[in-house]
Amino acid sequence: MSKVFANVCPNAEKFSRSNKLFCCVLLVLEEMTMAANLARRLIGGRSNQILGTSSGAATSVARAFCSSTTPITATLFPGDGIGPEIAESVKKVFTTAGVPIDWEEHYVGTEIDPRTQSFLTWESLESVRRNKVGLKGPMATPIGKGHRSLNLTLRKELNLYANVRPCYSLPGYKTRYDDVNLITIRENTEGEYSGLEHQVVRGVVESLKIITRQASLRVAEYAFHYAKTHGRERVSAIHKANIMQKTDGLFLKCCREVAEKYPEITYEEVVIDNCCMMYDFVANDLKAFCNIGEDGVALAEAVHGSAPDIAGKNLANPTALLLSGVMMLRHLKLNEQAEQIHINLMTI
């Protein structure tokens, strides 16, 4: 899987803490048995601004939402398993923080919609296209059988080509490397995510890895522009071109072409085997990410799964989905509310 990393710590200013918001976040987390202990180990007061709009379409959409008082309509997919309960926690925190947002909720259908060929309804996809912004809880995907991944369907149908995912060190967690602060920008629609598989003959199956020049240039441009606008000094193209010379080779050619337009940014290429050994990714299930589309659509979601074994037991930790919501707010230029929620969450 070809990836692009934007590296180097950004700077961000803190907004004043809202006591009311602090109490709300604390109550939401303390309702979850595991959450309070996990949250205390998160970053103490350090801000990580992890999402900003980079494409022209995304920027124009965000500017349209820049007022902190004009109500915004956003699509919400509560998801499966623990999804509805952590989504409810996010809604409570947003309300207390004074986020001017109206939620348009959509649930996964019980039957395949012939218009989407998945359990996602056409109406739910149209909601995201219309609102241009959404938040998604975890959606279950059967392993090795059953329906196509709903996450993959969303990314393909909405053309959410750039997966923006932060990874940073958390005080209190000992890892091989200290002060890790990375942004992973992954191509969402091609490569192994093409989802094209078939059986050649009985006992032999094939999976197609599709790489195109257009998609590679698009995600590389996003990564370099992101690095430039967020004060990051290095972009690393992560690849397997030593083995996949045609596919990942094309990806690297496109990255080099884009890199020439950004001489102020250091560009390097790293074989993915070496990259995986360089960093211990910290607290994976507490991470957030946001998918960005070419026409300005942004869909934020948490990394973790639906955890059906603890659903309804008041054990689920909403931190990851809250942080995803913070990314969504920053995309909408609601920076004050985003920073208030982030700081209060990180200092619990």
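Here are the numbers:
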item: Sequence-distant residues sharing a close amide H with residue 210 (under 5 Å, placed H); result: 191, 194
item: Extended-chain gain in nm, criterion 0.36 nm per residue less alpha-carbon gap, residue 257 and residue 196; result: 19.1 nm
item: Subset of 92/333; 174/228; 132/246; 91/174 violating a 29 Å alpha-carbon distance limit; result: 174/228; 132/246; 91/174
item: Cα gyration tensor category, rounded, prolate or oblate, for region 98-249 with a/c compared to 1.5; result: oblate
item: Listed peptides 269-275, 162-168 by packing density, highest first (mean Cβ within 10 Å); result: 162-168, 269-275
item: Residues in region 170-192 reached by a label modelled at residue 268 [backbone nitrogen below 20 Å; 7 Å Cα→Cβ]; result: 176-186
item: Amide H within-cut-off set for residue 296, under 5 Å, with H built and near neighbours excluded; result: 58
item: Separation in nanometres of the label points that stand 7 Å from Cα toward Cβ, at residue 115 and residue 214; result: 2.4
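Rule-based calculations on the coordinates, nothing more; no lab input. Just so we're clear, the structure is a prediction, and the values are computed from it rather than from any experiment. Virtual Cβ from ideal backbone geometry, glycine too; neighbours counted across all protein chains shown.
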